[in-house]
1. Checking D148 against (1) out of contact with any Lys or Arg (no Cβ under 8 Å at 6 or more places or on another chain); (2) of a type outside the set (A, V, I, L, M, F, W, C); (3) within 30 Å of K89 (Cα to Cα), which single condition isn't satisfied?
2. As an exercise: evaluate L176 against (1) surrounded by 13 or more Cβ atoms within 10 Å (Cβ to Cβ); (2) farther than 24 Å from K22 by Cβ; (3) modelled with pLDDT of 95 or more and give the number of the one condition it does not meet.
3. When both residues are 6+ apart or on different chains and their Cβ atoms are under 8 Å apart, which pairs have a first residue that lies in the stretch 154-171 and is acidic (D, E), and a second that is at pLDDT 95 or above?
4. Sort out which residues of the stretch 41-61 are within 14 Å of I170 (Cβ to Cβ) and of a type outside the set (F, W, Y), and write them in order of number.
5. Among S150, S131, which is the only one that is free of Cβ contacts under 8 Å to residues at least 60 places away in the same chain and small (G, A, S)?
6. Only one of S77, S94 is more than 20 Å from T188 (Cα to Cα) and at pLDDT below 90. Can you tell me which?
7. Which condition number does F57 fail, the rest of (1) surrounded by fewer than 20 Cβ atoms within 10 Å (Cβ to Cβ); (2) of a type outside the set (G, A, S); (3) not in a loop (DSSP other than H, G, I, E, B) being met?
8. Select from the stretch 134-147 the residues that are in contact (Cβ under 8 Å) with a residue 40 or more places away in the chain and of a type in the set (S, T, Y) and write down the one among them that is surrounded by the most Cβ atoms within 10 Å (Cβ to Cβ).
Amino acid sequence: MKIRTAEEFHDVVNNDFAWRRKELSKLLTDVESAKLNQLPTALRAGVVLLYAHWEGFVKNIAEYYLNYIDFQKHKYSDLKECFVAISLKNQIKSFVDSNKTTIHTQCVDFILNKSESRASIPYKDFIKTGSNLNSEVLRQILTSIGIDYSSYETKSKIIDKILLNNRNTIAHGNYLEIDKSAYIILHTEITNVLSDLKNKICNAVLLKEFIK
């Protein structure tokens, strides 16, 4: 996929978010309308799929953002430092891991002499969640793409202690009793974070916040 314009970016993001929101709304309806003997299954399925959409959307929108920035054809000197760091990541790793002077020289040359070159931003499979998208992983992902994490600080407990822990317990085949009202709160909190993140990154595209 090549995302060349802001309109294409918004279309891709809106389409990705829309089908997830539709499925999550159906899950919430299933929980709210489930009979007593069906409720535990509906709740367990709800937690697992809520996490799946949490991880999937965060990963996708971050990659869409990098994809869009890559096709803007800016110079490295135009971009915020975090995006230059993304471009340099593999070279820095090679610099650290290698004993070859040629590798070290190439990395230094890039830093000193390539700032006016057209930026190449890796985006395919760049964002790593490790199937464990906790609050710290979210912080690292957002920091790497220049999005302020601070507004999500208060959500760390619900992400780590409730969503992730419950999902892991269920995914590992263990039985877990979940309170209906607690699930509804969890569903609301996580979907609100996803909606807010969508708005933040869409605004970053509109306002060109990736530029210095």
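1. (1)
2. (3)
3. D160/N134; D160/S135
4. Within the stretch 41-61, T41, A42, L43, R44, A45, G46, V47, V48, L49, L50, A52 qualify.
5. Numbers: S131 fails: free of Cβ contacts under 8 Å to residues at least 60 places away in the same chain.
Checking each option against the conditions leaves just S150.
6. Details: S77 fails: at pLDDT below 90.
Of S77, S94, the one residue that is more than 20 Å from T188 (Cα to Cα) and at pLDDT below 90 is S94.
7. (1)
8. S144
The values are calculated or read from the model by the stated rules, or taken from the named source; none is laboratory data. Here the structure is a predicted model, which is why all the values come from computation and not from measurement. In this analysis, Cβ positions are derived from the backbone assuming ideal geometry, glycine residues included, and neighbour counts consider all displayed protein chains.
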